[in-house]
Structure formats: structure tokens, C-alpha cells
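*Asks:* Dropping a structure here in C-alpha cells format, bear with me for questions.
The values are calculated or read from the model by the stated rules, or taken from the named source; none is laboratory data. Note that the coordinates shown come from a computational prediction; the quantities given were computed from them, not determined experimentally. Cβ atoms come from the backbone with ideal geometry, glycine included; neighbour counts cover every protein chain shown. In case anyone asks, the SASA skips ligands and DNA or RNA and just uses the protein heavy atoms, side chains included. Shrake-Rupley method; radii C 1.70, N 1.55, O 1.52, S 1.80 Å.
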Amino acid sequence: MELEKLGIPTQKVNQLIKTGIYDVADLVKYLPRKYYDFTKTIPIIEAKKYDGEHIAVIGNVMDIKETKLDNKRTIINIRITDHTKWRMNITFFNQSYIKNIIKKDNQYIFCGKVKYSEEYNNVTMSPLFFSKDIHKFKKIVPVYKKINRMDDTYLSDTIDKALRLVSTDDYLEDNIRKEFGLVEEYDAFRLFHKPKTLGDVEKARERFAFDDLFIFNFQLKNRNRSKNNSSSFKINGTPSLKPFYESLPFDLTPDQKTVFKDIYGEMKQGIRQNCLVQGDVGTGKTIIALMLMLVMADNGYQSCLMAPRESLALQHYYDLKEKMKDFPYNVVFLSGNTKKSEKKKILKQIELGEAHFIVGTHAVFSKDVVYNNLALTIADEQHLFGVEQRNDLNKKSNENPHAIVMSATPIPRTMAMALYGDSIKVQTIKTKPQGRKDIITKVIHKDNEIYNLIKDEIIKGRQAYVVCPLIEDSESEKMKEVESVESAYANIVKYFKNDRNIKISMITGDTKPDEFNEELRKFYNNETQILVSTTIIEVGINVPNSTVIAIKNAERFGLAQLHQLRGRVGRGSHQSYCILQTPNEDKKCSIMCSTTDGFEIARHDLEFRGPGDFLGTKQSGENKYIALMLAYEELYKKINNLTTRIYADPNWYEEYSFINDFELR
């Protein structure tokens with residue numbers, strides 16, 4: 001149903017469309033990002049306990065004062081008190097009209113964020129809402145992601161109108177809703193947008209969690225039903241494997257040897273591999289992939305290694321090219337940035353079977369790529385790919401290829417089975433390569449201390465990363481304390497200006513591909529010693545000579561992201577350091593300093609974000625479903641049993657087969 005049916009002006013419609021809201025259904029699905037609970041008012045004497053939080057207070061106005069600043073701005077300061085006889089300052093910036101609305105000796109409810117000053121022992125609030133009608137804002141207030149130039153109240157009223165127009169039909173039968181204790185879909189939307197209690201929000205979240213997990217699980221089971229677990233790719237010999245293994249400058253860990261032997265052994269028996277190889281950052285998953293690709297090449301087959309980002313794919317390409325220099329096999333690279341003339345040549349080699357190892361990004365399964373005899377597909381950092389993308393690559397083979405997915409995001413086997421089917425084999429590498437030292441993680445507040453540590457490491461011949469959350473400085477009041485890549489780069493250049501042997505480079509997501517790859521190449525070769533970047537380097541960059549990563553404004557990153565960034569160092573035999581710079585004490589940083597265990601980090605990360613963070617528009621991709629499974633573990637188990645029951649009964653399946661056409665959120 002069109003937005004115009006709501007009586008929305010064209011200007012407002014265009015604002016919604018720019019946000020990705022095209023119709024009434026989209027508007028209803030635009031879920032709040034958080035809620036303020038103003039149902040209970042706080043006595044002013046207790047307000048300081050809620051420093052930094054949003055609360056509601058009821059107070060009598062004692063006096064109103066307007067202060068005009070030099071730059072024509074104004075501050076309205078109102079003092080209030082309540083039955084506790086304590087006082088609070090209510091401030092309004094650049095809202096002179098307030099003095100004509102709020103009257104002295106009248107009682108109002110004020111809702112907003114409080115700030116307590118220990119130095120002056122006073123509490124202030126800049127209200128989001130206020131009213132003489134005490135009950136008007138004594139409620140749960142949903143907070144939406146800002147839509148350009150659209151007032152929150154207008155958006156909320158528009159969503160309210162949309163709720164009256166959307167269908168109340170539910171695809172779930174009453175008996176399933178009863179079995180799982182779920183509210184109807186329409187009621188879930190209503191509870192999300194107009195909750196009376198936070199318990200209402202949780203009921204809505206549980207319904208959405210069910211829908212997301214049920215549809216995802218149902219569709220995966222459907223795909224896995226048709227999978228054949230036998231392989232037509234015969235392994236007759238591996239003459240290159242021994243010389244390759246002997247050429248490695250290190251010995252494989254016991255875990256690496258076990259994983260390779262298990263996979264290789266089953267391949268020789270003609271058992272198709274549908275395998276998840278998981279291991280924390282730095283445990284050496286990639287070498288297993290390269291050895292399996294070599295096995296395929298020795299037997300006349302092609303292998304494809306797909307990575308989600310060009311920087312990671314290029315690294316795999318260079319690594320494989322180097323390791324294959326003494327073997328008679330051709331390694332090629334494909335990405336969206338491959339030049340037309342080069343791409344034409346590579347496509348011909350792939351089609352004729354002259355390319356044995358194909359490495360690249362999503363381009364490896366584009367329409368114009370025709371494989372000669374693709375027998376093995378490998379998806380690195382698999383959680384950054386969708387299920388369909390991995391399937392699209394596997395469909396490029398005339399037969400049913402072996403499929404390996406690699407992940408540094410550890411998940412339990414039960415969840416892996418939900419994601420990849422009952423036939424999935426989970427191989428876990430826990431031990432790190434011999435000689436690797438634990439990364440020392442610590443918080444350092446001052447730039448000079450960080451740069452002195454970096455300088456000490458560079459003197460030893462090492463290199464360093466400096467990571468920032470922003471590309472350029474922001475004028476936003478909230479972001480004024482956040483250091484950008486551009487600022488950090490300028491400060492570091494200034495700090496090391498007398499050290500001419502120290503070269504510094506900078507990359508971001510805005511860096512042109514050719515320049516980006518050239519800067520990475522120089523860093524790989526130690527032509528530059530410090531690389532300043534955004535989180536673009538968080539996945540797959542492997543420079544064993546790098547021993548320091550300094551993360552600016554570490555409090556701005558999620559735990560999982562901090563852990564991935566930390567994994568860029570500690571990849572050689574030298575002692576490595578992860579430096580977290582943050583202006584204040586931060587619980588995430590404390591956790592990072594206390595553990596390097598990926599499972600532990602993932603558990604804490606979920607606790608920080610909460611299951612609601614993975615519903616609606618906040619998260620997308622497979623990592624969303626992994627997080628939901630962790631958050632609603634018992635619900636997931638019941639859903640898995642339900643979908644098994646549905647597929648076991650043909651009548652049930654026919655009744656619910658339409659779910660295969662649902663789009664995953």
C-alpha cells in the first residue's frame with residue numbers, strides 16, 4: 001500500500017523513500033532502536049544515581065532565568081524542586097519560547113538525560129519532553145533512528161496510522177503460536193511501536209526472533225534436503241603434497257594435522273565435504289585450505305577460494321602464488337576491479353582448465369565465469385557471505401563440489417548444523433602455530449606513550465597499525481572527541497617528523513582500489529612502517545612483521561570487532577601488543593585485556609548488544625542469525641524440532657512450503 005494513502009506530503013514521502021521505506025508495510029517494519037522508560041518517576045534526591053541515564057522527574061518550578069550568549073545563542077535555566085526539597089536544574093538551549101510556556105509555581109513532568117556534577121553536587125537535565133499533564137509522558141517512549149529532517153513525533157504518528165492499515169493476517173497457525181507462546185504478528189508490531197511496558201517489547205522481540213529463526217531454519221533445511229553427500233571427484237594421488245609440506249618454514253600444529261587428515265581422508269573415500277573449519281584469529285586455517293587445493297590440482301581439478309573483501313582476496317592470491325612458484329599450477333585472481341583485457345584472458349584460462357587455483361571476491365561466481373572442472377570451493381570469513389552467495393559459487397560446478405567454509409567466529413556444532421545442514425562437519429583448530437606468543441593487550445590513554453611503544457618496535461625492525469573509527473573529523477557534538485584517520489595520520493607524521501626512516505601510509509574505504517592495493521603492498525614489504533586506517537583492515541590482513549595495533553577511541557567499537565582487529569598482530573614469533581586508547585574506563589576494554597578466547601569474547605559481545613540488537617534493521621547477514629541462536633538458544637532448539645517435524649510429514653511441508661519464498665530480513 002502506497003505511503004500517499006496515509007496523507008503524507010510528497011516531501012515527507014521522499015524523506016522516507018531515501019531511508020528505504022517505500023510503502024506502509026516498510027513503515028511498520030521500521031522498528032525503534034531503543035526505548036526510554038518514563039513509566040516511573042524518580043525523586044530528585046535520587047536523580048544523581050542515574051547519571052548519564054534517561055529518567056522522568058516531577059517538579060515544581062521555582063524560578064526561570066534566560067541567559068543570552070555573545071553568539072546570539074540563549075540558555076533557559078529552570079530550577080525545580082519536589083517533596084524531597086532537593087533541587088534540579090532544567091536547561092533548554094536556543095529555545096527562548098520556553099519561558100512563555102513554563103510558568104513559575106506550576107508542576108511539570110520532565111523527561112530526559114540527567115548529568116550529575118560531583119564537583120558542584122548538582123543535577124541537570126536537558127529534557128526531551130515536558131508537560132503539565134503529568135501522565136502524558138509517564139510511559140514507554142520508543143526511539144527511532146533519525147530520518148532526515150523528520151520530527152520524532154511526526155514519525156511516530158505516521159507509524160500509528162500505518163498500523164491501522166496493514167493486514168492482520170498471520171502465516172502461523174494458532175496451534176504453533178500456542179505451542180511457542182507467541183503473540184500474533186500484527187500484535188508484535190503494535191507492541192514494538194506502542195508498548196505499555198518493557199515486557200511488551202520483549203514479547204514482540206520473541207515473536208520476531210521466532211519468525212527470523214523459523215524462516216531461516218526452514219529454508220536451510222529445504223536446501224539441505226537435496227544435497228548429495230557422495231562425491232564424483234576421484235582422488236588418485238598427491239605427488240605435490242609431500243614436497244609442498246617440506247617447503248613450509250614451519251611445522252603444522254597437532255590440530256592442523258588432524259583437521260587436514262580428516263578432510264583429506266574422507267575425500268579419498270569419495271565422501272563429499274561440507275565442512276566448517278573454525279579457529280580463532282591466527283590459528284592457521286588458511287594453510288589447510290591451500291593444501292586441499294593442491295590435492296585437487298594434483299588430481300586434475302580446479303579449486304576456488306572466495307573472500308569477502310578484495311584486500312583479503314589479494315592477500316590469499318599473493319600467498320598462494322608465492323607458495324606455488326615451484327609447482328606446475330596456475331594461480332589467477334578475479335575481482336570487480338580486474339581490468340577488462342586481463343579479465344578476458346583469465347576467464348579463458350578458467351574455461352579451458354588452464355587456471356588451477358582461482359582466487360577472488362564475489363566476482364568468482366559472476367555469470368561470465370565458466371569453470372572447466374571445479375571440484376572444491378572455499379569461502380573465507382564465511383559469515384560475511386550470504387547462504388545464496390555460497391550456493392551460487394557451488395552451482396558453478398557441473399558436479400556436487402566439496403565445500404569448505406572458514407570462520408574466525410566460533411559457533412557451537414548445533415548452530416553450525418542449523419546454518420549448513422545436518423551433514424556439516426565442524427573442524428576446530430584451537431592450538432596456535434608454534435612460537436606464537438600471547439598478545440599483550442592494555443589500555444593506554446596518552447598518544448606519546450603509544451607512539452613511543454610503536455617507535456621502540458620499529459627500531460627492532462617491526463611495523464604497526466593505527467586504527468580509527470572515522471575517516472575525517474566530524475562537526476557533530478557527539479563525535480568531537482573521536483579521532484579520525486586524517487587527524488591521526490597528521491599527528492603521527494608530526495610526531496615522527498625527525499625519524500626519516502619511518503614511513504607512514506593511510507588507507508580508508510574511500511581510498512581508490514589501485515592506491516589501496518599499492519599501499520597494502522608497500523606495507524607487506526615493510527616499505528612503510530606505520531599503516532593508519534579505518535576498520536577496513538579488520539579481516540584477513542596478514543603481515544607477520546606487524547607487532548603493534550593501536551585502536552583509537554576503542555570504546556566506539558564492538559567487542560567482536562576489537563577482537564578481529566587484535567588478530568592483525570601476533571601472527572609471527574615476535575611479542576605483539578594491542579593498545580586500546582579510550583578517554584575513560586570502559587568495560588569492553590577491560591574484557592579485551594582479560595581474555596583472548598574467541599568464544600568468551602563472542603559471549604560477552606552478545607551480552608553487551610542484547611538480542612534486540614539483531615532484530616529489524618540493526619543487523620543483517622548470517623551473523624545476525626548466529627547471534628539470535630545464541631540469544632534464544634532454547635527457542636532455537638524447539639524451532640529446529642518443529643522444522644524437522646514439518647519436513648518429516650509431507651502434508652505439513654505442503655502446507656508451509658510457501659515459506660521458502662519469504663525474504664530473509
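*Asks:* Taking residue 88 as meeting all but one of (1) more than 16 Å from residue 131 (Cα to Cα); (2) modelled with pLDDT under 95, write down the number of the exception.
*Replies:* Condition (2) is where residue 88 drops out.
Let's see how each residue does on (1) under 29 Å from residue 516 (Cβ atoms); (2) open to solvent by 10 Å² or more (accessible area, probe 1.4 Å); (3) of a type in the set (D, E, K, R):
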position: 265; (1), (2), (3): no, yes, no
position: 274; (1), (2), (3): no, yes, no
position: 292; (1), (2), (3): no, no, no
position: 304; (1), (2), (3): yes, no, no
position: 311; (1), (2), (3): yes, no, no
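*Asks:* Is it true that some residue in segment 149-165 is over 19 Å from residue 198 (Cβ atoms), under 32 Å from the mean Cα position of the chain (by Cα) and among the polar types (S, T, N, Q)?
*Replies:* yes
*Asks:* Quick test of your reading of the structure: residue 282 fulfils all but one of (1) small (Gly, Ala, Ser); (2) under 24 Å from residue 391 (Cα atoms); (3) out of contact with any strand residue (DSSP E or B) (no Cβ under 9 Å at 6 or more places or on another chain). Name the failing condition by number.
*Replies:* Against the list (1) small (Gly, Ala, Ser); (2) under 24 Å from residue 391 (Cα atoms); (3) out of contact with any strand residue (DSSP E or B) (no Cβ under 9 Å at 6 or more places or on another chain), residue 282 comes up short only on (2).
*Asks:* Only one of 83, 135 is within 25 Å of residue 153 (Cα to Cα) and open to solvent by 90 Å² or more (accessible area, probe 1.4 Å); which? Give the steps one after another, and end with the answer.
*Replies:* Working: 83 fails: within 25 Å of residue 153 (Cα to Cα).
Going through 83, 135 in turn, just one is within 25 Å of residue 153 (Cα to Cα) and open to solvent by 90 Å² or more (accessible area, probe 1.4 Å): 135.
*Asks:* While we're here: Would you pick out the residues in segment 34-45 that are touching a residue at least 40 places away in the same chain (Cβ under 8 Å) and either touching a helix residue (DSSP H, G or I) at 6+ places or on another chain (Cβ under 9 Å) or of a type in the set (Val, Ile, Thr) (or both)?
*Replies:* 34, 35, 37, 39, 41, 44, 45
*Asks:* Could you check segment 360-460 for strands (runs of 3 or more DSSP E) lying wholly inside it with 2 or more residues that are modelled with pLDDT of 90 or more and either open to solvent by 40 Å² or more (accessible area, probe 1.4 Å) or not hydroxyl-bearing (Ser, Thr, Tyr) (or both)?
*Replies:* Working: elements: 374-379, 402-407, 425-429, 440-443.
Filter on segment 360-460 gives 374-379, 402-407, 440-443.
*Asks:* Just need a number here: residues in segment 479-535 that are open to solvent by 20 Å² or more (accessible area, probe 1.4 Å), within 15 Å of residue 464 (Cα to Cα) and within 28 Å of the chain's Cα centre (by Cα).
*Replies:* 6
*Asks:* Could you list, ordered by first residue, the pairs with Cβ atoms under 7 Å in which the first is in segment 314-330 and within 12 Å of residue 357 (Cα to Cα) and at pLDDT 95 or above and the second is open to solvent by 30 Å² or more (accessible area, probe 1.4 Å) and not in a helix (DSSP H, G or I), at least 6 apart or interchain?
*Replies:* 329/356; 330/354; 330/356
*Asks:* Based on this model, can you work out whether residue 289 counts as at pLDDT 90 or above, among the small types (Gly, Ala, Ser), touching a strand residue (DSSP E or B) at 6+ places or on another chain (Cβ under 6 Å) and part of a helix (DSSP H, G or I)? Spell out the reasoning first.
*Replies:* Numbers: at pLDDT 90 or above: yes; among the small types (Gly, Ala, Ser): yes; touching a strand residue (DSSP E or B) at 6+ places or on another chain (Cβ under 6 Å): yes; part of a helix (DSSP H, G or I): yes.
Taking the combined requirement at face value, the residue satisfies it.
*Asks:* So, one more: Inspect segment 336-351 for any residue being closer than 19 Å to residue 244 by Cα and part of a helix (DSSP H, G or I) and give the result as yes or no.
*Replies:* Narrowing segment 336-351 to residues closer than 19 Å to residue 244 by Cα: none.
For segment 336-351, residues closer than 19 Å to residue 244 by Cα and part of a helix (DSSP H, G or I): absent.
*Asks:* For segment 138-252, give me every one of the helices (runs of 4 or more DSSP H) that falls completely inside it and has 1 or more residues that are closer than 30 Å to residue 11 by Cα and not polar (S, T, N, Q). Reasoning before the result, please.
*Replies:* Working: elements: 152-163, 174-180, 185-193, 198-225, 241-247.
In segment 138-252, the matching helices (runs of 4 or more DSSP H) lie at 152-163, 185-193.
*Asks:* Suppose we filter segment 559-581 for residues that are within 16 Å of residue 470 (Cβ to Cβ), open to solvent by 10 Å² or more (accessible area, probe 1.4 Å) and in contact (Cβ under 8 Å) with a residue 40 or more places away in the chain; how many remain? So that I can check it myself, show each step before the final result.
*Replies:* Applying the first criterion (within 16 Å of residue 470 (Cβ to Cβ)) to segment 559-581 yields 561, 565, 581.
In the following step, the residues that additionally are open to solvent by 10 Å² or more (accessible area, probe 1.4 Å) were identified as 561, 581.
Applying the additional criterion that residues be in contact (Cβ under 8 Å) with a residue 40 or more places away in the chain yields 581.
Going through segment 559-581 one residue at a time, the tally reaches 1.
*Asks:* Among the residues of segment 1-45, which ones are crowded, with 17+ Cβ neighbours inside 10 Å, more than 19 Å from residue 137 (Cβ to Cβ) and among the aliphatic types (A, V, I, L, M)?
*Replies:* 3, 6, 8, 16, 21, 24, 27, 28, 31
*Asks:* Same structure, new question: Does segment 300-311 include one or more residues that are of a type in the set (Asp, Glu), outside any loop (DSSP other than H, G, I, E, B) and over 30 Å from residue 600 (Cα atoms)?
*Replies:* The first filter runs over segment 300-311 and keeps only residues of a type in the set (Asp, Glu), leaving 310.
Checking the rest, the ones that are also outside any loop (DSSP other than H, G, I, E, B) come to 310.
Restricting the remaining residues to those that are over 30 Å from residue 600 (Cα atoms) gives none.
Within segment 300-311, not a single residue is of a type in the set (Asp, Glu), outside any loop (DSSP other than H, G, I, E, B) and over 30 Å from residue 600 (Cα atoms).
*Asks:* Evaluate segment 241-250: report whether one residue or more is open to solvent by 20 Å² or more (accessible area, probe 1.4 Å), more than 26 Å from residue 356 (Cα to Cα) and at pLDDT 90 or above.
*Replies:* Looking through segment 241-250, none of the residues is open to solvent by 20 Å² or more (accessible area, probe 1.4 Å), more than 26 Å from residue 356 (Cα to Cα) and at pLDDT 90 or above.
*Asks:* Here is a further query. Within segment 1-110, considering only helices (runs of 4 or more DSSP H) that don't extend past its boundaries, which have at least 3 residues that are within 28 Å of residue 196 (Cβ to Cβ)? Spell out how you get there, then give the answer.
*Replies:* Values: elements: 10-18, 24-28, 98-101.
Answer list for segment 1-110: 24-28.
*Asks:* Of the residues that sit in segment 86-117 and are more than 20 Å from residue 138 (Cα to Cα) and among the charged types (D, E, K, R), which one is least open to solvent (accessible area, probe 1.4 Å)?
*Replies:* 99
*Asks:* Kindly check whether there is at least one residue in segment 210-229 that is under 21 Å from residue 166 (Cα atoms) and open to solvent by 50 Å² or more (accessible area, probe 1.4 Å).
*Replies:* Looking for residues that are under 21 Å from residue 166 (Cα atoms) and open to solvent by 50 Å² or more (accessible area, probe 1.4 Å), one finds none in segment 210-229, hence no.
*Asks:* Which residue pairs have Cβ atoms under 7 Å apart, sit 6 or more places apart or on different chains, and have a first residue in segment 134-148 that is closer than 30 Å to residue 20 by Cα and a second that is among the basic types (Lys, Arg) and exposed (fewer than 13 other Cβ atoms within 10 Å of the Cβ)?
*Replies:* If the second residue must be among the basic types (Lys, Arg) and exposed (fewer than 13 other Cβ atoms within 10 Å of the Cβ), the pairs left are 140/196; 148/18.
*Asks:* Are there any pairs, at least 6 apart or on different chains, whose C-beta atoms fall under 9 Å, with the first in segment 97-113 and at positive phi and the second acidic (Asp, Glu), and if so, which?
*Replies:* Listed by first residue and then by second, the contacts come to nothing, as the list is empty.
*Asks:* Ok, one more. Please go through (1) over 30 Å from residue 208 (Cβ atoms); (2) touching a residue at least 60 places away in the same chain (Cβ under 8 Å); (3) among the small types (Gly, Ala, Ser) for residue 25 and return the number of the only condition it doesn't satisfy.
*Replies:* (1)
*Asks:* Just need a number here: residues in segment 161-187 that are under 16 Å from residue 4 (Cα atoms) and surrounded by fewer than 13 Cβ atoms within 10 Å (Cβ to Cβ).
*Replies:* From segment 161-187, those under 16 Å from residue 4 (Cα atoms) are 161-166; that's our starting set.
Of the ones still in play, those that are also surrounded by fewer than 13 Cβ atoms within 10 Å (Cβ to Cβ) are 164.
The number of residues fulfilling the criteria is 1.
*Asks:* If we keep just the residues of segment 5-16 that are touching a residue at least 12 places away in the same chain (Cβ under 8 Å) and hydrophobic (A, V, I, L, M, F, W, C), which is nearest to residue 150 (Cα to Cα)? Write out each step before concluding.
*Replies:* Taking segment 5-16 as the starting set, the residues that turn out to be touching a residue at least 12 places away in the same chain (Cβ under 8 Å) are 5-8, 12, 15-16.
So of that shortlist, the ones also hydrophobic (A, V, I, L, M, F, W, C) come out as 6, 8, 16.
Values: 6: 16, 8: 12, 16: 9 Å.
In this case the residue turns out to be 16.
*Asks:* Considering each residue of segment 46-78, count those that are in contact (Cβ under 8 Å) with a residue 40 or more places away in the chain and either of a type in the set (Gly, Ala, Ser) or surrounded by 15 or more Cβ atoms within 10 Å (Cβ to Cβ) (or both), and give that number.
*Replies:* Going through segment 46-78, the residues in contact (Cβ under 8 Å) with a residue 40 or more places away in the chain turn out to be 47-48, 50-64.
Filter again for either of a type in the set (Gly, Ala, Ser) or surrounded by 15 or more Cβ atoms within 10 Å (Cβ to Cβ) (or both), leaving 47-48, 50, 52, 54-59, 61, 64.
Of the residues in segment 46-78, 12 are in contact (Cβ under 8 Å) with a residue 40 or more places away in the chain and either of a type in the set (Gly, Ala, Ser) or surrounded by 15 or more Cβ atoms within 10 Å (Cβ to Cβ) (or both).
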